[in-house]
1. Looking at the stretch 155-203 only, could you name the residues that are at positive phi and assigned to a strand (DSSP E or B)?
2. Identify all residues within the stretch 95-115 that are in contact with a strand residue (DSSP E or B) (Cβ under 7 Å, 6 or more places away or on another chain) and of a type in the set (A, V, I, L, M, F, W, C); write none if there are none.
3. Of the residues that sit in the stretch 6-62 and are of a type in the set (S, T, Y) and either in the same structural domain as T106 (by TED's automatic domain parsing) or in a loop (DSSP other than H, G, I, E, B) (or both), which one is surrounded by the most Cβ atoms within 10 Å (Cβ to Cβ)?
4. Evaluate the stretch 183-198: report whether one residue or more is within 29 Å of D26 (Cα to Cα), within 15 Å of the chain's Cα centre (by Cα) and charged (D, E, K, R).
5. Regarding the stretch 12-19, can at least one residue be identified that is without any contact (Cβ under 8 Å) to a residue 40 or more places away in the chain and under 21 Å from the mean Cα position of the chain (by Cα)?
6. Name every residue in the stretch 108-142 that is among the aliphatic types (A, V, I, L, M) and either within 16 Å of the chain's Cα centre (by Cα) or modelled with pLDDT under 95 (or both), in order of residue number.
7. With the structure loaded, tell me whether I41 is within 22 Å of the chain's Cα centre (by Cα) and of a type outside the set (F, W, Y) or whether it fails that test.
8. Among the residues of the stretch 81-107, which ones are outside any helix (DSSP H, G or I) and at pLDDT 95 or above?
Amino acid sequence: MQLPILDPLNPEQDFPAIESALVEPDGLLAAGGCLSPQRIINAYQQGIFPWYSPGEPILWWSPNPRLILFPERLIISRSLKKTIRKDIFTLSYNQAFPQVMQYCATPRDKESGTWISEEMYFAYNQLHQQGVAHSFEAWFNGELVGGLYGIAIGQVFFGESMFHRKTDASKVAFCGLVQQLSIWGYQLIDCQVHSDHLTSLGAEEINRDDFSARLKQYCTLQPSNSAWV
């Protein structure tokens with residue numbers, strides 16, 4: 001099967017039907033297109049996200065199954081609860097979006113590169129300036145030591161990437177984010193693909209059709225007026 005190629009000059013072009021996504025590699029749907037705010041928002045609303053390496057064409061994915069977290073099903077282990085109670089980290093949101101993206105783009109141990117290219121960095125910072133992309137940060141003695149960023153549409157938060165520079169900093173930031181999203185009325189957190197780290201915090205896999213149906217429902221509903229203010 002030939003991979004559909006999107007027109008980079010037409011951000012309103014429709015994506016191929018989700019059902020046509022490849023099984024191997026899992027969820028690869030299309031290539032090309034652009035990273036305009038309009039294109040990215042349209043993609044997320046349909047359960048599609050960009051993920052590719054620098055130097056490659058833009059690749060668009062919709063994996064099946066999908067890893068998600070219902071905020072009310074967050075699992076905080078006994079040891080993590082201890083860390084949170086110690087109040088080691090100061091939490092904030094939207095205070096350091098560009099820095100969070102930069103740290104997330106830093107290659108991890110045993111990794112030679114990153115999928116967060118300059119093009120991705122610019123695109124998501126544009127979305128942040130438009131109030132669509134958000135960060136959640138953990139600070140230690142005034143230093144940024146953990147955090148994550150993602151896209152918020154309706155009552156859904158689409159997580160993108162997280163980092164830590166101090167043990168448990170990203171976990172504490174994630175728990176803080178989930179609890180805050182619950183207060184604001186969010187119904188669903190998209191975690192994209194399976195990871196032991198996120199499943200230990202309560203994330204679970206659901207069928208892609210179920211995920212798409214929930215997006216149609218929740219992306220059209222508004223969270224609390226206090227969200228991200």
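1. Across the stretch 155-203, the qualifying residue is only Q192.
2. Correct list: A96, F97, V100, M101, C104.
3. The residue in question is S62.
4. Yes: the stretch 183-198 contains one or more residues that are within 29 Å of D26 (Cα to Cα), within 15 Å of the chain's Cα centre (by Cα) and charged (D, E, K, R).
5. Scanning the stretch 12-19 turns up no residue that is without any contact (Cβ under 8 Å) to a residue 40 or more places away in the chain and under 21 Å from the mean Cα position of the chain (by Cα).
6. Residues satisfying the conditions are I116, M120, A123, L127, V132, A133.
7. It is true that I41 is within 22 Å of the chain's Cα centre (by Cα) and of a type outside the set (F, W, Y).
8. Within the stretch 81-107, K86, D87, I88, F89, T90, L91, S92, Y93, N94, Q95, A96 meet the criteria.
The values are calculated or read from the model by the stated rules, or taken from the named source; none is laboratory data. Keep in mind that this is a model prediction, so the values were computed, not measured. Every residue, glycine as well, gets a Cβ built from its backbone with ideal geometry; the counts of neighbours run over all protein chains shown.
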